[in-house]
Amino acid sequence: MKLGTKLTLCLSLVIIIVLSGYGYFHVLTRRDILFRKMKVEVMGIGQTLKISLEKISPLREKEYVQDLINSVEKYEKTLGVLVYHPQKDFLVRSRSLEGGIEPFLEMINRSIKEDNPQEEFGVYKKTSIFSYAFALKDKRGRNIGGVAILQQMSFLEEEIKKAKWTIFITILVLICGTVVLVLFITRKWITLPISRLMNGIKQMAKGQLNTRIDMKRGDEISELAQAFNQMAVDLKKAQEKMIQEAESKLELERSLRQSEKLATIGQLASELAHEIGTPLNIISGRTELMKRRLEDKEEIQKNLDLILLQSGRITKIIQQLLGFVRKKRPEQTVLNIGILLETTLDFLEPQIRRQKVQVVKDIKESLPSVMGDPDQLQQVFLNLFLNAVQSMPTGGTLRLSASPKWISKEDLEDSQRQYLEVCVEDTGVGMEKEVMEKIFQPFFTTKEKEKGTGLGLTVSQGIVQDHEGWIEAESEIGKGSVFKVYLPSSQRVG
């Protein structure tokens, strides 16, 4: 529920309660006024009768008393009149009072006895009445009887009912008018300004930091709008500052990368000189030896084969080196890693069978797709499979698994992302901790000189990094090694 609606309902409820209370007390006040007016009328009639009856002797002028009572009874609001003297057994009453007058006689007796007027509300023959009794006195001040006047209350109830309806309609009109006025005021001064603020916040949330709210009213909402505008200005400045800092950081990272590249090139040049120097020395030595023994064809053929072998080795080193330093940009193709892994395993099937290696696969169905270069990723998995098989010369188990995982990494742009984990585990000879720290360095290898150049894992790591992934490795002597490749899937957190 919106704030303006809540405020309207609360104010309307307060107004309804206040006006209803006012109407209720107004009805009570009106009722009290009408009761007082009725009592004044009855007392006025009683005073008139008292003066008239005390001038004569009621006991002797019974007919006069009856005529006087009958004249009073003609007043439409008067139900009846009783004139009674208990000791003289004198009773004169109106024609309308036929029976059930005992309570009124008792009232007259009390007024005579207490010498004080009596008032009561009651019912006579299903008619609501107001009874008023007072004592009559002679010239000596002695009580000579009493009078009871019965006043109908139906006229009073009708007037109270009319007053209630008048007050009810008036209060209802006031409530409706006030609620409409409150609704209009809350809409103009609260709902619409807050809606403008909300729209401004939504625009800012979409990145439109130039959003401003023009609201000059001199109240708290206007101050809130000014604070919003100032916040937008501050955010704009902060965004510009962040962009500048990001550009500076990016430039620094580029400089660092360039320095790292130069250091790597220096290391590569040193390792390359060492790696190529050995076969070149062999070629040079064999050439000198061939010059000395030109007549020995068998020796020449043997030296030529050796030269050809060492030349091929040099060519292989240079090709892998070029593949490392001049990597092509990976293609962006939707890949099914499960099929790619199966195809790569097929390439090594003869060697796997020859070395008596058992392959255990746990590739989950419905793997998420991966965007990447199929040739480059196949080269990565081929290197990992080949290393695993070669680490088990007397046979063993190669376990291959692939499954999706949600991973959070601080150094990635997204706080959480789905990755595809490919795990290659072998039961081979394993590696020491010192060796594990160098396996991704160029030209580092634990294989014999003729079987490896030390660039396979280095190239594989570069390819995976180009695909926004990474490689993790674990190994223990005598128990084997585990290589885990993480590649981002095409799904992201919503």
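The values are calculated or read from the model by the stated rules, or taken from the named source; none is laboratory data. From a predicted model like this one, the values you see are computed outputs, not experimental measurements. Virtual Cβ from ideal backbone geometry, glycine too; neighbours counted across all protein chains shown.
Numbers at a glance
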read-out: Residue in the range 136-144 that is farther than 30 Å from VAL14 by Cα, part of a helix (DSSP H, G or I), of a type in the set (Asp, Glu) and more than 26 Å from the chain's Cα centre (by Cα) present; value: no
read-out: Cross-chain or 6+ apart pairs with Cβ under 8 Å, the range 338-350 first and in the same structural domain as VAL424 (by TED's automatic domain parsing), then of a type in the set (A, V, I, L, M) and in a loop (DSSP other than H, G, I, E, B); value: GLY338/LEU367
read-out: Filtered residues of the range 169-222 (kept if of a type in the set (A, V, I, L, M) and farther than 30 Å from SER20 by Cβ); value: LEU192, ILE194, LEU197, MET198, ILE201, MET204, ALA205, LEU209, ILE213, MET215, ILE221
read-out: Qualifying residue in the range 11-33 (condition: closer than 30 Å to LYS137 by Cα, acidic (Asp, Glu) and assigned to a helix (DSSP H, G or I)); value: no
read-out: All positions within the range 1-40 that are more than 19 Å from PHE130 (Cα to Cα) and among the aromatic types (Phe, Trp, Tyr); value: TYR22, TYR24, PHE25
read-out: Residue count for the range 390-401, restricted to those that are under 17 Å from ASP346 (Cα atoms) and surrounded by fewer than 21 Cβ atoms within 10 Å (Cβ to Cβ); value: 4
read-out: Restricting the range 214-258 to residues that are of a type in the set (A, V, I, L, M) and at pLDDT below 75, the residue that is nearest to the chain's Cα centre (by Cα); value: ILE221
read-out: Selected residue (criterion: farthest from GLU76 (Cα to Cα)) from residues of the range 109-135 that are of a type in the set (Val, Ile, Thr) and assigned to a strand (DSSP E or B); value: VAL123
read-out: Condition check for ALA163: in contact (Cβ under 8 Å) with a residue 12 or more places away in the chain, under 60 Å from the mean Cα position of the chain (by Cα) and surrounded by 13 or more Cβ atoms within 10 Å (Cβ to Cβ); value: yes
